[in-house]
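The values are calculated or read from the model by the stated rules, or taken from the named source; none is laboratory data. All values reported here derive from a predicted model rather than from experimental measurement. Cβ: placed from backbone, ideal geometry, glycine included. Neighbour counts: every protein chain shown.
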Amino acid sequence: MIFRNCAGGVVFYANQVFIFKNEKNEWVLPKGIIRNKDLSRDVALCRVKIEAGIDAEILSTAGGTSYEFYSVTRKEPVCNQITWYIMHAKTKTYEINKELGFKDGGFYTIDKALEMITYSQDKSLVNLSYKKYKDMMRKESAQAAEAAV
């Protein structure tokens with residue numbers, strides 16, 4: 001079995017999360033393989049930019065997921081282990097990279113995204129990350145209000 005370390009982003013803008021449809025018509029989150037001595041956080045930010053055209057900043061780690069599939073081209077099983085980051089998009093602007101096989105996507109309300117996302121572990125990841133994101137935004141807002149006084 002081939003083991004691959006990957007990194008990706010759960011990207012929020014206000015009360016919405018970014019998801020897109022891949023070449024298999026699955027609704028997923030942006031992610032990519034960590035190569036050489038790249039840092040997972042750099043890979044996650046880079047994949048969000050390359051796949052979705054989004055400038056984002058990392059707020060926190062979100063956790064990890066893994067899945068296995070059979071690679072027809074390699075003729076052996078592959079296990080992807082993904083480190084996820086909670087990200088905040090600087091604007092709601094995005095551009096789906098269709099050259100990479102992505103078909104559709106955008107920022108969706110959390111409820112809508114949870115209906116659309118293909119895999120249950122990605123749904124759980126988005127749900128838990130959104131709760132953490134809201135808490136961080138609330139604290140940041142309270143600190144800004146305190147600093148203004």
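Of the numbered criteria (1) touching a Phe, Trp or Tyr at 6+ places or on another chain (Cβ under 9 Å); (2) surrounded by 15 or more Cβ atoms within 10 Å (Cβ to Cβ), the one Trp84 fails is (1). Of all residues in segment 43-67, those that are in contact (Cβ under 8 Å) with a residue 40 or more places away in the chain and polar (S, T, N, Q) have Cβ atoms under 8 Å from Cβ atoms of residues that are surrounded by fewer than 16 Cβ atoms within 10 Å (Cβ to Cβ) and part of a helix (DSSP H, G or I), 6 or more apart or on another chain, in Ser60/Met136; Thr65/Gln121. Looking across Lys132, Lys112, Lys123, one residue alone is modelled with pLDDT of 95 or more, basic (Lys, Arg) and touching a strand residue (DSSP E or B) at 6+ places or on another chain (Cβ under 7 Å). It is Lys132.
Quick one: how many residues across segment 54-94 are under 13 Å from the mean Cα position of the chain (by Cα) and modelled with pLDDT of 95 or more? Number of matching residues: 17.
On the basis of being β-branched (Val, Ile, Thr), loosely packed, with under 14 Cβ neighbours inside 10 Å and over 13 Å from Met87 (Cα atoms), does Ile34 make the cut? No. Of Glu115, Glu99, all but one fail to be within 18 Å of Lys31 (Cα to Cα), free of Cβ contacts under 8 Å to residues at least 24 places away in the same chain and among the charged types (D, E, K, R); the exception is Glu99. Take the conditions (1) in contact with a helix residue (DSSP H, G or I) (Cβ under 8 Å, 6 or more places away or on another chain); (2) buried (at least 18 other Cβ atoms within 10 Å of the Cβ); (3) not acidic (Asp, Glu); Gly63 misses just one of them, which is (2).
Restricting attention to segment 119-149, which residues are among the hydroxyl-bearing types (Ser, Thr, Tyr), loosely packed, with under 11 Cβ neighbours inside 10 Å and either within 14 Å of the chain's Cα centre (by Cα) or over 21 Å from Gly8 (Cα atoms) (or both)? The one that is among the hydroxyl-bearing types (Ser, Thr, Tyr), loosely packed, with under 11 Cβ neighbours inside 10 Å and either within 14 Å of the chain's Cα centre (by Cα) or over 21 Å from Gly8 (Cα atoms) (or both): Ser141.
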